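Here is the structure we will look at, set down as structure tokens.
The values are calculated or read from the model by the stated rules, or taken from the named source; none is laboratory data. For clarity, every value in this text was computed on a predicted model and none was experimentally measured. Using ideal geometry, Cβ is built from the backbone for each residue, glycine included, and neighbour counts are taken over all protein chains shown. For the accessible areas, the whole protein counts, side chains as well, though only heavy atoms, and no ligand, DNA or RNA atoms are used. Shrake-Rupley method; radii C 1.70, N 1.55, O 1.52, S 1.80 Å.
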Amino acid sequence: KSSLLRAVAGLWTQGEGVIQRPNLADIFFLPQRPYMLLGSLKDQLIYPRLERDISEKNLREVLEAVHLDDLPERVGGFDAVLDWADVLSLGEQQRLAFARLLVNRPGYAVLDEATSALDVANEANLYNRLKQLGINYISVGHRPSIVAFHDRVLELKEKNQWRLLTVEAYQASGMVP
């Protein structure tokens, strides 16, 4: 499943076939372990558009939306430069990556186990934020809780077999509680 997403991102070039997708500049990819760049907390939030000018008030609103509102005070402010992968838990890194997504507001998001370290309440909050902003998204995940935030399920099977189901049909097939 992750290989399919890598192919969509243009990172996997093996195999053959046609992939139709929006321009890569319109797509945000969130992996299970988010990329934490060397830089300030502000840099983490506005990446990859580091030249962007955004107020601390707006950054605080985004952090509040992902339930990280105490982060600036905990780490020494928006200009604090830390080893973010060591300072933050995986769940905090995933919420920070979602904050980055909310700041940049792409047309599309591809989520590869992007909420795996979160509790169900935080996961629901983040998916609901995407819906509120009108960001289209595709998820890969093993947690049954994410199905509720989607309209369709692409089921990949062995030997190049697959099927596309509505969530209702997928749930009726007994695959999800």
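Couple of notes before you dig in:
- Listed residue (P34, W12, L24) projecting farthest to the positive dipole end of the range 1-43, Cβ model: P34
- Sparsely packed trypsin sites (Lys or Arg not before Pro) within the range 145-177, loop by DSSP, other Cβ within 10 Å at most 16: K157, K159
- Shape analysis of the range 39-91 yields a ratio of the Cα radius of gyration to the Kirkwood radius, Rg/Rh, of 0.93.
- Under Karplus coefficients 6.51, -1.76 and 1.60, residue-wise ³J(HN,Hα) of the range 154-163 in Hz, glycine/proline x: 9, 9, 9, 10, 6, 6, 6, 8, 7, 8
- Calculated diffusion of the range 45-147, Stokes-Einstein form, Kirkwood radius summed over Cα pairs, 10 °C and 1.306 mPa s, µm²/s: 111
- Sulfur and carbon atoms: percent of accessible area, the chain [1.4 Å]: 50
- The charge dipole of the range 69-176, taken about its Cα centre with unit charges on the Cβ of Lys, Arg, Asp and Glu (plus for the first two, minus for the last two), comes to roughly 580 debye.
- The residues packed around L111, meaning those with a beta-carbon under 12 Å from its beta-carbon, carry a net charge of -1 if Lys and Arg are +1 and Asp and Glu are -1.
- In this structure, the amide hydrogen of F28, modeled 1.01 Å from its nitrogen in the peptide plane, lies closer than 5 angstrom to those of Y108, A109, V110, counting only residues at least 5 positions away or on a different chain.
- Scattering profile of the chain at q = 0.08, 0.14 Å⁻¹ [log10 I(q)/I(0), Debye over alpha-carbon scatterers]: -0.27, -0.80
- Applying the criteria of a DSSP loop state and at most 14 other Cβ atoms within 10 Å to the GluC sites (Glu not before Pro) of the range 32-139 yields E51.
- Taking R21, R74, R105 as the candidate residues, the one with maximal mean-square fluctuation in a Gaussian network model of the chain, Cα springs under 10 Å, is R74.
- Measure of compaction for the range 1-85 (Cα Rg per 2.2 N^0.38 Å): 1.38
- The chain: calculated mean residue ellipticity at 222 nm from DSSP helix runs of at least 4, using -39500 (n - 2.57): -10500 deg cm²/dmol
- Solvent-accessible surface of the range 90-152, averaged per residue with a 1.4 angstrom probe and all protein chains in place: 40 square angstrom.
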